[in-house]
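*Asks:* Attaching a single structure in structure tokens format; questions to follow.
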Amino acid sequence: MWDSLRLPHNCFLWKRSQQKHTLWRLDGLPAPSRSMQFAEHTIDIAAPPQRVWDVLTLCRYIRQWDDVPAEYTAERIAQGVALTWPGHATLTYRDVVAPTRLYASLHVHKWPRPPDGPVGYEYVVTPTAAGSRLTLRVGDCALVPEGAQFQEASAEFVLAAGTAIQRLAESDS
């Protein structure tokens, strides 16, 4: 037997309890107005979250897995920092929550107008029994010109960066 609860905007939440679990169904939500596209990679790292965080935020490590403008001389990335590659792009660190989440919004200077939503790089560090799990996510590629090419390049980036971050975090230095 399904029980229902009417929600605003003609939506219904349905619940059906069975012996060991409960089934939930939500009906009536409008379809998304557009598809979302991300490049994502998750990797397990045999190092504690703080070590992974250091590799993600200390410039001496970042320079080994990504590009940092030579003009940026601070030791660590921080909330509000904007890295600019003149004539190419600006990356602004909007969410820095040590040692679990790093998000930087991206603006490519050749884009004719800013995207209609967030486009950026997200790194999420989760503790595990063996160390950490790192999820790298880039997008929303559907919001940018030449989104398919951006998504393809981003897919290559998250794989290469994830491998390099893992190597650095698991090393002794």
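*Asks:* Can you tell me which condition Asp66 does not meet? The list is (1) without any contact (Cβ under 8 Å) to a residue 60 or more places away in the chain; (2) open to solvent by 40 Å² or more (accessible area, probe 1.4 Å), and all the others hold.
*Replies:* It fails just one condition, (1).
*Asks:* Oh, and also: Residue check: is Thr126 of a type in the set (Val, Ile, Thr), open to solvent by 60 Å² or more (accessible area, probe 1.4 Å) and closer than 21 Å to Phe157 by Cα? If you could, list the steps in order and put the result at the bottom.
*Replies:* Details: of a type in the set (Val, Ile, Thr): yes; open to solvent by 60 Å² or more (accessible area, probe 1.4 Å): yes; closer than 21 Å to Phe157 by Cα: yes.
Yes; evaluated as a whole, the condition is true for this residue.
*Asks:* Do we find that Glu71 is over 17 Å from Glu40 (Cβ atoms), surrounded by fewer than 18 Cβ atoms within 10 Å (Cβ to Cβ) and touching a residue at least 60 places away in the same chain (Cβ under 8 Å) in this structure? Spell out how you get there, then give the answer.
*Replies:* On the way: over 17 Å from Glu40 (Cβ atoms): yes; surrounded by fewer than 18 Cβ atoms within 10 Å (Cβ to Cβ): yes; touching a residue at least 60 places away in the same chain (Cβ under 8 Å): no.
For Glu71, the condition - over 17 Å from Glu40 (Cβ atoms), surrounded by fewer than 18 Cβ atoms within 10 Å (Cβ to Cβ) and touching a residue at least 60 places away in the same chain (Cβ under 8 Å) - is not met.
*Asks:* Sticking with this structure for a sec: Quick check on this structure: which one of Val96, Val119, Val144, Val108 is within 17 Å of Val52 (Cα to Cα), surrounded by 15 or more Cβ atoms within 10 Å (Cβ to Cβ) and either under 15 Å from the mean Cα position of the chain (by Cα) or aliphatic (A, V, I, L, M) (or both)?
*Replies:* Values: Val119 fails: within 17 Å of Val52 (Cα to Cα); Val144 fails: within 17 Å of Val52 (Cα to Cα); Val108 fails: within 17 Å of Val52 (Cα to Cα).
Only one candidate qualifies: Val96.
*Asks:* Hey, among Val97, Val138, Val81, which residue is hydrophobic (A, V, I, L, M, F, W, C) and under 21 Å from Ala39 (Cβ atoms)? Don't jump to the end; show me each part of the working.
*Replies:* Values: Val97 fails: under 21 Å from Ala39 (Cβ atoms); Val81 fails: under 21 Å from Ala39 (Cβ atoms).
Only one candidate passes the filter, namely Val138.
*Asks:* Given the conditions (1) open to solvent by less than 80 Å² (accessible area, probe 1.4 Å); (2) modelled with pLDDT of 95 or more; (3) more than 17 Å from the chain's Cα centre (by Cα), and given that Arg76 satisfies all but one, which numbered condition is not satisfied?
*Replies:* Single failed check for Arg76: (1).
*Asks:* Of all residues in the range 147-173, count the ones that are hydroxyl-bearing (Ser, Thr, Tyr) and either open to solvent by less than 70 Å² (accessible area, probe 1.4 Å) or within 20 Å of Leu83 (Cα to Cα) (or both). Outline the logic, then answer.
*Replies:* Initial filter on the range 147-173 (hydroxyl-bearing (Ser, Thr, Tyr)): 154, 163, 171, 173.
Among the residues that remain, those that are also either open to solvent by less than 70 Å² (accessible area, probe 1.4 Å) or within 20 Å of Leu83 (Cα to Cα) (or both) are: 154, 171.
The number of residues fulfilling the criteria is 2.
*Asks:* Restricting to the range 45-57, what's the tally of residues that are part of a loop (DSSP other than H, G, I, E, B) and open to solvent by 30 Å² or more (accessible area, probe 1.4 Å)?
*Replies:* Residues of the range 45-57 that are part of a loop (DSSP other than H, G, I, E, B), as a first pass: 46-48.
This time we only want the ones that are open to solvent by 30 Å² or more (accessible area, probe 1.4 Å), so: 46, 48.
Summing the residues that are part of a loop (DSSP other than H, G, I, E, B) and open to solvent by 30 Å² or more (accessible area, probe 1.4 Å) in the range 45-57 gives 2.
*Asks:* Sticking with this one: Could you check, for the range 82-90, whether at least one of its residues is among the β-branched types (Val, Ile, Thr), within 30 Å of Ala46 (Cβ to Cβ) and over 13 Å from the mean Cα position of the chain (by Cα)?
*Replies:* Initially, the range 82-90 is screened for residues among the β-branched types (Val, Ile, Thr), giving 84, 90.
Checking the rest, the ones that are also within 30 Å of Ala46 (Cβ to Cβ) come to none.
No - not one qualifying residue is present in the range 82-90.
*Asks:* Now, a different point. Name every residue in the range 79-93 that is surrounded by 15 or more Cβ atoms within 10 Å (Cβ to Cβ) and among the polar types (S, T, N, Q), in order of residue number.
*Replies:* Correct list: Thr84, Thr90, Thr92.
*Asks:* For the range 117-173, how many residues are in a helix (DSSP H, G or I), in contact with a helix residue (DSSP H, G or I) (Cβ under 6 Å, 6 or more places away or on another chain) and either hydroxyl-bearing (Ser, Thr, Tyr) or modelled with pLDDT of 90 or more (or both)?
*Replies:* Just the residues of the range 117-173 that are in a helix (DSSP H, G or I), to begin with: 141-143, 147-170.
Of the ones still in play, those that are also in contact with a helix residue (DSSP H, G or I) (Cβ under 6 Å, 6 or more places away or on another chain) are 141, 147, 150-151, 161, 164-165, 168-169.
Subset that is either hydroxyl-bearing (Ser, Thr, Tyr) or modelled with pLDDT of 90 or more (or both): 161, 164-165, 168-169.
The qualifying residues number 5.
The values are calculated or read from the model by the stated rules, or taken from the named source; none is laboratory data. Treat the numbers as computed from the prediction; the structure is a model and nothing was measured. Neighbour counts run over all protein chains shown; Cβ positions are idealised from the backbone, glycine included. Accessible surface areas use protein heavy atoms only, side chains included; no ligands, DNA or RNA. Shrake-Rupley method; radii C 1.70, N 1.55, O 1.52, S 1.80 Å.
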